[in-house]
Amino acid sequence: MADDYVRRTAITRLSVDGEQRELLEVTISEWKRGCQIATDMAWGNCNTKSDVQPLAYDDVREHTDLGSQHAILATHQAAQAITSCIERRSKGKKVSKPTFTAPTVKYDTRTMTLFDDGTVSVPHKA
């Protein structure tokens, strides 16, 4: 079926110069902070994307330099992390509130542009 959508995750290394690296590191830092804000607000209250997003979105936007779509993705990442904790707890494992320390950031079709030559454009806040 031509209209089927297949989701794939690509983990890749980016080739960036010094200035681009610094900007990307700022974005990663803001991403982690946004995820943590959303988690802190939702922990013990809710865990679905549809609940965490309206709860935490405005605070993530206010207290980070993330753009709108990245703020949404950060609330979704928080919901996913909380859901994982709930699942582990249901299996009798001890869990604590997630903390975001990994130097990663999520991008999607609304937060990046992939060009035919294999280059990519990702937004950042300077």
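The values are calculated or read from the model by the stated rules, or taken from the named source; none is laboratory data. None of these values were measured; they are calculated from a predicted model. Backbone-built Cβ (ideal geometry, glycine too); neighbour counts: all protein chains shown. Keep in mind that these areas ignore ligands, DNA and RNA; they rest on the heavy atoms of the full protein, side chains included. Shrake-Rupley method; radii C 1.70, N 1.55, O 1.52, S 1.80 Å.
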For helix 49-63, report the angle its Cα long axis makes with the longest principal axis of the Cα atoms of the chain; keep it between 0 and 90° and round to the nearest 10°.
-> 60
Classify region 46-116 as rounded, prolate or oblate, taking a ≥ b ≥ c as the square roots of the eigenvalues of its Cα gyration tensor: rounded when a/c is under 1.5, otherwise prolate if a/b is larger than b/c and oblate if not.
-> prolate
Specify the angular offset, from 0 to 90 degrees and rounded to the nearest 10, of the alpha carbon long axis of helix 68-90 from the longest principal axis of the alpha carbons in the chain.
-> 40
Answer label for mean projected area of the Cα convex hull in nm² (calculated), chosen among (1) 10.0; (2) 10.5; (3) 9.4 | (1)
For labels at R110 and L14 in the simple 7 Å Cα→Cβ model, what's the distance in nm?
-> 1.9
Can you sort H76, H70, H63 by 1.4 Å-probe accessible area, starting with the largest?
-> H63, H76, H70
Measure off 7 Å from each Cα along the Cα-to-Cβ vector at T48 and S121, then give the distance between these two points in nanometres to one decimal.
-> 3.7
Using the structure shown, list the pairs from K49/K93; K49/K106; K32/K106 with a Cα-Cα distance above 18 Å, or answer none.
-> K49/K93
Report, in debye and to the nearest 20, how large the dipole of region 18-121 comes out about its Cα centre when Lys and Arg carry +1 and Asp and Glu carry -1 on their Cβ.
-> 860
Looking at region 1-110, which chymotrypsin sites (Phe, Trp or Tyr not before Pro) are in a loop (DSSP not H, G, I, E or B) and have at most 10 other Cβ atoms within 10 Å?
-> Y5
Just T27, T101, T109 to compare: in a GNM of the chain, with alpha carbon springs under 10 Å, which one fluctuates most?
-> T109
Using DSSP loop states and a limit of at most 10 other Cβ atoms within 10 Å to flag trypsin sites (Lys or Arg not before Pro), what is the longest stretch of the chain containing no flagged site?
-> 14-90
